[in-house]
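So the structure is just underneath, and the comments pick up after that.
The values are calculated or read from the model by the stated rules, or taken from the named source; none is laboratory data. Since the structure is predicted, the reported quantities are computational estimates derived from the model, not experimental observations. Methodologically, a virtual Cβ is constructed for each residue, glycine included, from the backbone with ideal geometry; neighbour enumeration extends over all protein chains shown. Accessible surface areas use protein heavy atoms only, side chains included; no ligands, DNA or RNA. Shrake-Rupley method; radii C 1.70, N 1.55, O 1.52, S 1.80 Å.
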Amino acid sequence: MKIKVDENMAELAVLGGAFFGGGGGGDLKLGMEHAKLAVKLGDVVIVDVDSVPRDKFIVTASMVGAPAAKEKYLTPGHMIKSTELMINVGKVEIGGIISSENGGYSTINGWIQAAVLGIPIVDAPADGRAHPTGVMGSMGLHKLPDYISIQTAVGGNREKGRYVEVFVKGSLERTAKIIREAAVQAGGLVAVTRNPVSPEYVKKNAAVGAISKAIEVGRIIQKYMTEPREMTYQLAEYLEGRVIDFGKVEEVKLETKGGFDIGLVFISANSGRKYEIRFWNEYMIIKENTKKLGMFPDLIVTIDLKSGLPITSAEIKRGDEVGILVVPKEKLILGAGVKDPDVLKTVEHVVGE
């Protein structure tokens with residue numbers, strides 16, 4: 001497979017990616033802007049993992065930090081620099097780039113670098129849905145005791161004294177924590193290139209085909225955008241998920257802590273039911289009273305009934321009218337990083353379950 005992305009396909013990928021963001025995954029508007037910028041800067045070519053030469057490495061591109069952080073500052077130049085550090089300082093021969101996850105921005109992680117540096121995008125993101133931690137997007141590498149992670153991070157506003165460039169090698173857990181702290185020092189967000197691995201490893205442990213899936217979901221969103229309620233049902237049917245309800249956001253509690261957005265969304269439905277969604281960047285748990293209706297890595301999505309677009313935890317606000325749906329984890333294309341029970345225990349700890 002080899003597909004050259006045009007502006008329409010870029011739009012579909014971002015729309016579908018926003019759905020798989022599940023409350024996180026970055027800013028859709030910026031994702032749309034940068035996807036179309038990438039197409040203008042050069043050729044964005046999507047290939048299957050079998051197309052990558054076996055003597056080259058695949059690296060993961062991502063943004064790390066808190067989307068709601070007020071001093072975040074990230075540019076396309078930062079993204080390109082992060083990958084150049086991997087090539088020039090890390091001496092890594094890159095044969096392909098994958099995104100860390102699907103999301104309104106995350107799906108197109110690496111596209112600008114790919115266009116400028118002439119590297120293909122591989123249709124195998126580390127995870128087929130968005131997730132909060134670097135370990136979750138590392139394809140199970142944390143379970144390989146001898147694996148040495150290489151990670152680069154760039155971001156921050158020079159004029160405000162926030163600019164950072166980081167190159168780090170070490171255990172996956174330790175390097176991920178250093179990168180998270182770099183995001184804090186940069187004002188909330190950094191562009192990251194990380195974890196060179198073989199194409200064989202990606203094929204076994206990544207979310208193979210998840211970009212193609214996002215593009216197909218994007219087609220549904222594009223078709224029904226002016227009919228958000230119908231869109232919600234169409235998406236649930238296509239993905240074998242469940243429409244929970246429609247209602248109004250009554251309250252949002254959000255705290256940016258340790259480079260993450262953590263909080264609660266309270267929704268009163270037209271049916272009279274009340275729902276609580278807990279988030280850790282992404283939506284983690286949805287409850288009706290004490291009954292759990294979905295829990296990460298299940299995909300919990302809110303659709304803005306005015307715009308017809310998926311809405312994130314960083315954007316959702318009191319008074320918004322939304323549709324809520326859940327897609328069970330069994331129906332998603334997931335990477336190895338979010339299948340590990342030990343990793344999922346951190347969700348329970350952070351959100352208090």
Please compute the Kirkwood hydrodynamic radius over the range 90-144, one decimal place, Å, based on all pairs of different Cα atoms.
11.9 Å
How much length would be gained if the chain were fully extended between residue 50 and residue 159, taking 0.36 nm per residue of separation minus their Cα-Cα distance, in nm to one decimal?
34.9 nm
Give the residue list of GluC sites (Glu not before Pro) in the range 1-94 that are DSSP loop and have at most 16 other beta-carbon atoms within 10 angstrom.
71, 93
What shape does the range 1-115 take by its C-alpha gyration tensor, where a ≥ b ≥ c are the square roots of the eigenvalues and a/c under 1.5 counts as rounded, a/b above b/c as prolate, and the rest as oblate?
oblate
Angle in degrees between helix 228-239 and the longest Cα principal axis of the chain, rounded to the nearest 10:
60 degrees
Summing -39500 (n - 2.57) over every DSSP H run of at least 4 in the chain, dividing by its residue total and rounding to the nearest 500, the 222 nm mean residue ellipticity is -9500 deg cm²/dmol
In Å², what does the accessible area per residue of the chain work out to with a 1.4 Å probe?
41 Å²
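How much of the accessible area of the chain, in percent, comes from carbon and sulfur atoms when a 1.4 Å probe is used? It would help to have the intermediate numbers written out before the result.
Values: 7130 of 14400 Å².
Looking at the chain in its full context, I get 50 percent from C and S.
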Only Lys, Arg (+1) and Asp, Glu (-1) charged, at Cβ; the chain dipole about Cα centre in debye
480 debye
Beyond 27 Å, how much of the Cα-Cα pair distribution for the range 101-259 remains, as a whole percent?
38 percent
Of all DSSP beta bridges in the chain, antiparallel share, percent nearest 5:
90 percent
Obtain the nm distance between the two label points defined at residue 317 and residue 89 by a simple spin-label model: each point lies 7 Å from its Cα along the Cα-to-C-beta direction.
3.8 nm
Of the listed pairs 287/345; 4/91; 70/257; 253/317; 29/223; 213/339, which have alpha-carbon separations greater than 21 Å here?
4/91
Averaging 1/r across every pair of distinct alpha carbons in the chain and inverting yields a Kirkwood hydrodynamic radius, in angstrom, of 19.7 Å
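For a 22 Å ceiling on Cα separation, which of these pairs sit above it: 81/160; 40/72; 56/203; 169/204?
40/72; 169/204
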Distance in nm between residue 173 and residue 289 label points, each 7 Å along Cα→Cβ, equals 4.0 nm
Taking only the alpha-carbon atoms of the range 273-315, what semi-axes of the equivalent ellipsoid follow from 5 times the gyration tensor eigenvalues under a square root, in whole Å, largest first?
18, 13, 9
Write down the Å³ per residue value for the convex hull defined by the alpha carbon atoms of the range 191-257.
190 Å³
Using alpha-carbon positions, the gyration tensor of the range 287-353 gives root eigenvalues a ≥ b ≥ c; with a/c under 1.5 called rounded, otherwise prolate if a/b exceeds b/c, else oblate, the class is prolate
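Once the Cβ-Cβ distance between residue 269 and residue 70 is put in as r, and R0 is 45 Å, what FRET efficiency do you end up with, to the nearest 0.05?
0.90
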On a 0 to 90 degree scale, rounded to 10, what angle separates helix 28-41 from the longest Cα axis of the chain?
30 degrees
Give me the angle, in degrees from 0 to 90, between the Cα long axis of helix 7-20 and the longest principal axis of the Cα atoms of the chain, rounded to the nearest 10.
60 degrees
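Does the range 213-353 come out rounded, prolate or oblate by the C-alpha gyration tensor, with a ≥ b ≥ c the root eigenvalues, rounded set by a/c under 1.5 and, if not, prolate when a/b is larger than b/c and oblate if not?
Details: a/c = 1.63, a/b = 1.17, b/c = 1.40.
Oblate, because a/c is 1.5 or more while a/b does not exceed b/c.
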